[in-house]
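Since the structure comes first, as C-alpha cells, the remarks are kept for the end.
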Amino acid sequence: MSYKGRFRVWRGDAAGGALADYTVEVNDGEVVLDVLHRLQATQAPDLAVRWNCKAGKCGSCSAEINGRPRLLCMTRMSVFAPTDVVTVTPMRTFPVLRDLVTDVSFNYAKAREVPSFTPPADLAPGEYRMAQVDVERSQEFRKCIECFLCQDTCHVVRDHDENKEAFAGPRFLMRIAELEMHPLDVADRVPAAQDEHGLGRCNITKCCTEVCPEGIKITDNALIPMKERVADRRYDPLVWLGRTISRRRD
Amino acid sequence: MTEIERHDYDVLVIGAGGAGLRAAIEARERGLRTAIVCKSLFGKAHTVMAEGGCAAAMGNVNEHDSWQVHFRDTMRGGKFLNNWRMAELHAKEAPDRVWELETYGALFDRTADGRISQRHFGGHTYPRLAHVGDRTGLELLRTMQQRIVALQQADHAATGDYEARLRVFAECTVTELLTDPAGAGGHAPIAGAFGYWRESGRHVLFSAPAVVLATGGIGKSFQVTSNSWEYTGDGHALALRAGASLVDMEFVQFHPTGMVWPPSVKGILVTEGVRGDGGVLRNSDGDRFMFGYVPDVFKGQYAQTEDEADRWYDDQENNRRTPDLLPRDEVARAINTEVKEGRGSPHGGVYLDIASRMPAEEIKRRLPSMYHQFKELADVDITAEPMEVGPTCHYVMGGIEVDPDTGQSRVPGLFAAGECAGGMHGSNRLGGNSLSDLLVFGRRAGLGAADYVTGLERRPAIREADVETAAAMTLAPFEAHPAAAGENPYTLHADLQRVMNDLVGIIRTEAEMVAALDRLAELRARVHDVVVEGHRQYNPGWHLALDLRNMLMVSEAVASSALLRTESRGGHTREDHPGLDPQWRHRVLVTHCVDASEAGAGAVVPRTAVEAAERVPMRADLLALFDLPELEKYYTAPELAGHPGRGSRQGGTP
Ligand SMILES: Cc1cc2nc3c(=O)[nH]c(=O)nc-3n(C[C@H](O)[C@H](O)[C@H](O)COP(=O)(O)OP(=O)(O)OC[C@H]3O[C@@H](n4cnc5c(N)ncnc54)[C@H](O)[C@@H]3O)c2cc1C
Ligand code: SF4
Ligand code: SF4
Ligand code: FES
C-alpha cells in the first residue's frame, strides 16, 4: 500500500526558520526517517537530518514528531492515519544548527563532569568477579543509546536555559546512579549528585522515562534511589558510615 | 583562499569506532598528543550496532578453550587465507583486551561463578563470545568512550584543559590524506589529513606525522546491507590515494540473517546470537535444511541429525554442533539456494524459529533488542512466531594491507586497524571476531603509531599545493556544469547500489563482473557531473557527493578482484568456478591506485589495479596445530612437505 502523505518539516538555522509543507509518497512498513530520506532524494536534497543505524541502536535521529520527542527511525508511519499531517521539528531543548539537526554539545559537557569509573586498586584485569544479579541494575542504565530525548523532554531545562549550568539532566544523573550501583566502583558521587549535578531539581515527574526509547525506568530505578541515598546521607551520618563499611567487606 | 582552520597533533586517528578509540587510548597513554576525527557524533560509530559478542578464548564457560583452538577456528572460518600472524596475535591477546575493558568499567553478562559469560557462535568450537545481551557493541563502544572521557578528566586535573592531550573532532569528515614527497626514500611518508566540518562545511587541516585509519567498512555501496551511511569505504580509498595497498577485496561477507520485510528495513541485522542460543533455520516445508548443506571440508564436524544437534546445546563433549551454526558464507549460500529453488518464505527469505524452542520470557531476556526490533519494525512477536530472514551485505574482509604487529601500511606513518584493515579474517570472518579484532589491533596500531612518532627524526611537512587541490576537490560539486544537466548524488548512489547488489553479490560470474566494471566506468564518468543544491552548512547531498568518490574506487577494487579470483571460497562465490582451488589459496590479490601521484590533481575517482602476489607461508609451529588430512583439503602438496604429519603418514617419500 502506498499513499501521498502530508508532512510539515521545520527548515531553517540558528537565525530562524519555519515549517515547510511537503507531500511525499509513503509505503507500507515505513518509518518517518524513510519518508524524510525520500524527501531528500526527490524534493529537498539539502534537508539536514542526523541518523546512523536506522535500527534504533545509535540514538542519532532524535527529533520531535507532532511535538513528542521520538526517534525518527523507530516511529512507524502506521501509527498515523494517511490523512494526518505529520509535523517534524528539531529537539527544542538544544540550539538548532540546521533543519532537524541540533547542537547537543551540552550533553558531552555534562558527561565530562561526572567522575569516571574508579576501579578497586587491588584487583588485576581478569580478577573481577561480580554476580549477574548485582550487575543487572547498572546494566539497565548502560542500555542507554544517548539519544538525549530524556534531556530534551525534562522540564527543568526544556525552555529553561538558565538551569542548564546547574543540572546534568536525567541521562547523566542516571550515569551517576549507574556508577554508584556498579558492584566494584570505589568512588563516592552521592554528595556531588545533589550539590553539583542538580539531582534536587528533579521532581520525579517521570517524563524522561516516558520518552526513553530503550524503556529504561530512569526515574524509578535511577533517580529515586539516588535521592534516597542523598537523603540517607544528609539526615543520618550513621547510615552513611554503615554503608561504606559493609561495602568494603563484600 | 580563505584561512583554513589548522591543528597539530602527534597521532591523528580517523574513526571513533572500537578500533579508533582503542588506538587513541593507547597513543594517549603513551604520552602522545592525539586527535580523533569522526563523521558522526562521538559514541555513534558503527560499533554500537554490534550485537552478539566479542570472541576471546578466556575459557570461562568451557575450560578446554585456548588461543590455539581460537586460532584454528579463525583459520578454518577464513578457509586458510587469513594472515596467520594476525590470527595468532588476535587469538593470544583477545582475552587480555576484554579483561582490560572491565577495568574501564564494562559490565558483561556473568557466569554463575561471577566471571564473564561466553556464548556460542558460528564456527567457534566452544562458547567464546563475551556479551551483554544482544547489545555488546554498545557496551564496548560506550566503555571506551567513557575511558576517553576519564583520560580527558585526568588531563583537566593536570592542566585545566580537558582537551590538552586528547581531543575528539566529531562530525568532521576527512577527504584526503597528505604525504610529504620530500620525506624518506621509497614511499612518501604521511604528513597529515584534510577534511571539512559537516556542520559548517568549513575546511580543516590536521598536521600529524602518524595517522591511524579506523574507518570501518564499505557496505553502503550495496543495496541490501546491515551497514549505516558511514560505511562508504573512506579509509580504503584514502589509503589507496595515499599510495597504500588493499588486499582480499573480493571477500565481502553476506550475513545470512538480515530482516527481509517490510521493505524499508530490509537488510537490518538479526544477530547470529539467535542461532547461538538455540534458534533454527527452516524452509517453507518446515525442514531444517542446513543439514543438507554441510560442505566436504567440514564433514564430520557438524551434527547429522536434529536430535544430536539439539543435545549439543547442553552437552558439547558428546555431540556435534548444529549446522545452523556453520560459518556465515555457508549459511548465506544455503539460504540463497533454498529461496531460488522455491522453498522460501512469502517475502523471499527463510524462517528463523526461536519461538518454538524456548519460553517467551527466556527469549526476551536473552535477545531483548531482537524482540524489540521485530515488534517495533515488523509487527512480529518473535516469542510467538518465526522471523523471516535472508542474506544482507555485512562486512568486508578485504582492507588495507598492514604489518600484523604494528598495523603500519606501505606508507610510512600510515596505520590501519579494525574493519578497514585487511588480512585478519581471510575469506570469511567468524562472528564475534571483529569486536576482538578492534581491541587487539586498535591497541597495536596506537602503539605502532606512538613508536613511529617517537623514532622520527624530522616531522614530515604538508605541501600547500596539496591542500589547495584537496580543497578544490571538495567544492567541485557546487560548481555549475554547463555541459551536462547535472547528476543528483542520491540517484547516482542508488544506481551504484543496484550494480553492486545485482552483479557483485553473493553468487558471481565472469560475465557479471565484466558488466559490473563497465557500469562502474559509466558511474565514474557521471560522478564528474554531480551537482548539489544549497550551501555548505550541514548539507547531506554534498556529503554524499563526496563519499561517492570513495565508494566508486572501492567498488572497482571489489569487482576487479572478484573477476580475477577464479575459484569459490568464503565470501567470494563464483558460479562458473564452484570449487576451492589450492592454487588460489597461496595467492593474494593486491589492489593499488594506478595514478596515486596525480590522484589529487586529476581524476575525481582515480583508477585502481589488481595484481596477484604470493602469501607468506604459515610458520611451521602454527601449521603443526592442524592435522594433515584437514590441511590437504586446502593446501597444495609441496606446501605441506614440511608438516610433521607428512613423515609418519607417507613413510618419508616426497
Ligand atoms: C548490525 C551489526 C552487528 C554486528 N555484530 C557484531 C558482533 O556481534 N560481533 C562482532 O565481532 N562484530 C559484529 N559486527 C561487525 C563489527 O561491528 C564491525 O566490524 C566493527 O564495529 C567495525 O569497527 P571499526 O572500529 O572498524 O569501525 P566503526 O565502528 O564502523 O567506526 C568507523 C569510524 O570511522 C569514522 N569515519 C569513517 N570515514 C571517515 C572519514 N572519512 N572521516 C572521518 N571519520 C570517518 C566513522 O565516523 C566512525 O566513527 C556487526 C556489524 C553490524 C553492522
Ligand atoms: S523525573 Fe526528574 S529528570 Fe525525569 S523529566 Fe521529571 S524532573 Fe526531569
Ligand atoms: S536514558 Fe533513554 S532517553 Fe535518555 S538518552 Fe538514554 S536512551 Fe535516550
Ligand atoms: S538512526 Fe540510529 S537510532 Fe535512529
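The values are calculated or read from the model by the stated rules, or taken from the named source; none is laboratory data. Here the structure is a predicted model, which means the values were calculated and not measured. Here Cβ is always computed from backbone atoms with ideal geometry, including for glycine, and neighbour counts include all displayed protein chains. Side chains are part of the model used for accessible areas, which takes the heavy atoms of the whole protein and leaves out ligands, DNA and RNA. Shrake-Rupley method; radii C 1.70, N 1.55, O 1.52, S 1.80 Å.
Quick notes on this structure:
- Counting only protein chain heavy atoms and rolling a 1.4 Å probe, the accessible areas of B:Trp67, B:Trp584 rank, largest first, as B:Trp67, B:Trp584.
- Ranking B:Thr305, B:Phe254, B:Leu281 by Cα position along the charge dipole of segment B:231-364, where only Lys, Arg, Asp and Glu carry charges on their C-beta atoms, puts B:Phe254 farthest toward the positive end.
- Per-residue average of Cβ from other chains inside 10 Å of B:195-207: 1
- Within-14-Å neighbourhood charge of A:Ala20 [Cβ basis; K, R +1; D, E -1]: 0
- For A:Asn107, neighbours were defined as the other residues whose beta-carbon sits under 9 Å from its Cβ, and their charges (Lys and Arg +1, Asp and Glu -1) total +1.
- A simple spin-label model places the labels of B:Ala154 and B:Thr111 3.0 nm from each other, with each point 7 Å out along Cα-to-Cβ.
- Whole-number percent relative contact order across segment B:477-614, with pairs defined as alpha carbons under 8 Å at least 6 apart: 26
- Exposure rank, largest accessible area first [B:Lys44, B:Lys299; 1.4 Å]: B:Lys299, B:Lys44
- When each full DSSP H helix of chain B is screened for a Cα extent of at least 20 Å along its own axis and an average Kyte-Doolittle hydropathy of at least -0.5, the helices passing are B:136-159, B:433-455, B:489-503, B:510-527, B:540-564.
- Solvent-accessible area per residue in chain A equals 42 Å², computed with a 1.4 angstrom probe and all protein chains kept.
- Once you reduce segment B:160-209 and segment B:307-375 to the center of their Cα atoms, the two points are 45 Å from each other.
- Computed accessible area, B:Thr566, all protein chains, 1.4 angstrom probe, square angstrom: 50
- If only the Cβ of Lys and Arg carry +1 and only the Cβ of Asp and Glu carry -1, the dipole of chain B around its Cα centre is close to 640 debye.
- The mean count of C-beta atoms from other chains within 10 Å of the C-beta of residues in B:222-229, rounded to a whole number, is 2.
- DSSP-assigned coil residues among GluC sites (Glu not before Pro) in segment A:110-182, each with at most 15 further Cβ atoms within 10 Å: A:Glu127, A:Glu165
- In a DSSP loop and with at most 13 other Cβ atoms within 10 Å, the GluC sites (Glu not before Pro) in segment B:284-393 are B:Glu317, B:Glu341.
- The accessible-area ordering, largest first, of the residues B:Leu438, B:Leu563 stands as B:Leu563, B:Leu438, per a 1.4 angstrom probe.
- Beta bridges per DSSP with both ends in the protein assembly as shown, % antiparallel, nearest 5: 70
- Segment B:2-80 versus segment A:51-124: alpha-carbon centroid distance in Å: 25
- Note on segment B:273-400: with charges restricted to the Cβ of Lys and Arg (+1) and Asp and Glu (-1), its dipole about the Cα centre is near 360 debye.
- For segment B:34-122: rounded, prolate or oblate by the Cα gyration tensor [a/c cutoff 1.5]: oblate
- Buried solvent-accessible surface, both chains (A, B), 1.4 Å probe, Å² to nearest 100: 5100
- For chain B: rounded, prolate or oblate by the Cα gyration tensor [a/c cutoff 1.5]: rounded
- Principal-axis tilt of helix A:32-42 within chain A, Cα atoms, nearest 10 degrees: 40
- With the helix formula -39500 (n - 2.57) applied to DSSP H stretches of n ≥ 4, the protein assembly as shown reaches a computed 222 nm mean residue ellipticity of -10500 deg cm²/dmol.
- For B:Val247, neighbours were defined as the other residues whose beta-carbon sits under 13 Å from its Cβ, and their charges (Lys and Arg +1, Asp and Glu -1) total -2.
- For the protein assembly as shown, the fraction of C-alpha pairs farther apart than 45 angstrom is 24 percent.
- Segment B:256-391: C-alpha gyration tensor shape, a/c 1.5 cut-off, then a/b vs b/c: oblate
- In the structure shown, the pairs A:Lys54/B:Lys79; A:Lys143/A:Lys227; A:Lys164/B:Lys39; B:Lys79/B:Lys220 are assessed against 31 Å; a Cα-Cα span above that value is assigned to A:Lys54/B:Lys79.
- Per residue value of the accessible surface for segment B:477-614 (all protein chains in place, 1.4 Å probe), Å²: 38
- Neighbouring Cβ atoms from other chains, within 10 Å of the Cβ of residues in B:534-544, number 5 on average.
- Simple rule: put +1 on each Lys or Arg Cβ and -1 on each Asp or Glu Cβ in the protein assembly as shown, find the dipole, and look at A:Val96, B:Leu439, B:Val467; the Cα lying farthest toward the positive end is A:Val96.
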